[in-house]
Amino acid sequence: MSVRTIGVVMNGVTGRMGHRQHLVRSVLAINEQGGVTLSDGERVLLRPVLVGRDPARLARLAARHGVAEHTTELDAALTGDDNLIYFDAQVTSARVKSVLRAIDAGKHVYTEKPTAESVDEAVALAEAAAARGVKNGVVQDKLFLPGLLKLRRLIDGGFFGRILSVRGEFGYWVFEGDWQEAQRPSWNYRAADGGGIVLDMFPHWHYVMENLFGRVEAVYAKAATHIPARVDEHGAAYEATADDAAYGIFELEGGVIAQINSSWTVRVNRDELVEFQVDGTHGSAVAGLRDCRIQHRAGTPKPVWNPDLPVATRFREQWQEVPDNTEFDNGFKIQWELFVRHVLEDAPFPYDFAAGARGVQLAELGLRSSAEGRRIEVPAL
């Protein structure tokens, strides 16, 4: 069995997500398991080349994880012939320029979402990658979480009958930064820096809905900035110009209605930070990041509305846990392995820049819907 190594240029991995999920739990974890196994049995190791703006932070990160190569010069990293893949986990406002440089250098590109701040830029990236003939992919990690994999199993098994509706709740309280330190970077709350929960989360909800329930045909959304002033990482107060909560209704093909609330100004009263309830004619399910509970129509209670009497039924106790039935690996790592196989042996990878552009489109139309106070149809790109 042969083993080879390819270079992976990783830009923006000093940030929390790029560091933990992509460098440590994906690329380095793949190497620890012996590499990505191709269809012919060959194993492929990944040699990370770290790129960022702060040389001191890069050096510390590289030393901590035994990474030999790091640089502040993106173009220098892109010149290496054996550096086949460029990965981008920067802030959204910096992404397009860097990705275009990687495409121009002939690198295959894998990037965090959203791929751009506008649908025009997102489409331009897809067109540039197609014209240059490079493979391209977008992180769509939630599809590989245990809870949603169980939900997919239920859908494929016909558990729901005809799916009627989806209700999603996502969010948690992000501290303002004055009396307790904020747990999200301040750029998330500045529109000029690509912040806002709509641009951050609507691309997520798009690929969840598109891959599990059907194409999004229309959107009505209301975005809000509930907390207008915050304190940044350096203790300086600033105006929050980006939305910190969004309330959306999405019409899907086949008549399915999805309602998803996204908020950084909500205190959690649910089992997980994100949960989706799916209701169908034959059964319902509630799926989170890891767990999934179901209730079949034969086991559905018959509540009667009577506000004069206390409710004696323990409704949550009447739901059944969906078993794992398999071992679930890290979702980010799974998608990295899929993309490497896509690059090296043209294995299927449907989560491309076109899919990313559709996610950006939904965010853009959601913000437009909020500004204009109306329902907006989602045209095909």
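The values are calculated or read from the model by the stated rules, or taken from the named source; none is laboratory data. These numbers come from a predicted model, not from an experiment. No Cβ is skipped: glycine too gets one built from the backbone with ideal geometry, and neighbour counts run over all protein chains shown.
Of note:
- For the stretch 282-310, filtered to residues that are β-branched (V, I, T) and farther than 17 Å from A258 by Cβ, the residue that is surrounded by the fewest Cβ atoms within 10 Å (Cβ to Cβ) is V304.
- Sole residue being assigned to a loop (DSSP other than H, G, I, E, B) and either crowded, with 22+ Cβ neighbours inside 10 Å or at pLDDT 95 or above (or both), chosen from K150, K113: K113
- In this entry, N188 is excluded by the filter for residues that are touching a helix residue (DSSP H, G or I) at 6+ places or on another chain (Cβ under 8 Å) and either under 27 Å from I155 (Cα atoms) or not polar (S, T, N, Q) (or both).
- Filter result (in a helix (DSSP H, G or I) and in contact (Cβ under 8 Å) with a residue 40 or more places away in the chain) within the stretch 22-53: H22, L23, V24, R25, S26, V27, A29, I30
- For the stretch 232-280, a tally of residues being acidic (D, E) and either in a strand (DSSP E or B) or crowded, with 19+ Cβ neighbours inside 10 Å (or both) returns 6.
- Some residue of the stretch 80-99 being in a helix (DSSP H, G or I), more than 20 Å from P203 (Cβ to Cβ) and not β-branched (V, I, T): no
- Neighbours by Cβ (under 6 Å, 6+ apart or cross-chain): first from the stretch 350-361, in contact (Cβ under 8 Å) with a residue 60 or more places away in the chain; second assigned to a loop (DSSP other than H, G, I, E, B) and hydroxyl-bearing (S, T, Y): G356/T115
- Residue selected from the stretch 213-231 under the condition under 23 Å from the mean Cα position of the chain (by Cα) and buried (at least 20 other Cβ atoms within 10 Å of the Cβ), by the criterion nearest to L149 (Cα to Cα): F213
- Taken over the stretch 324-376, the criterion of being farther than 21 Å from V139 by Cβ and of a type in the set (S, T, Y) is satisfied by T326, S369, S370.
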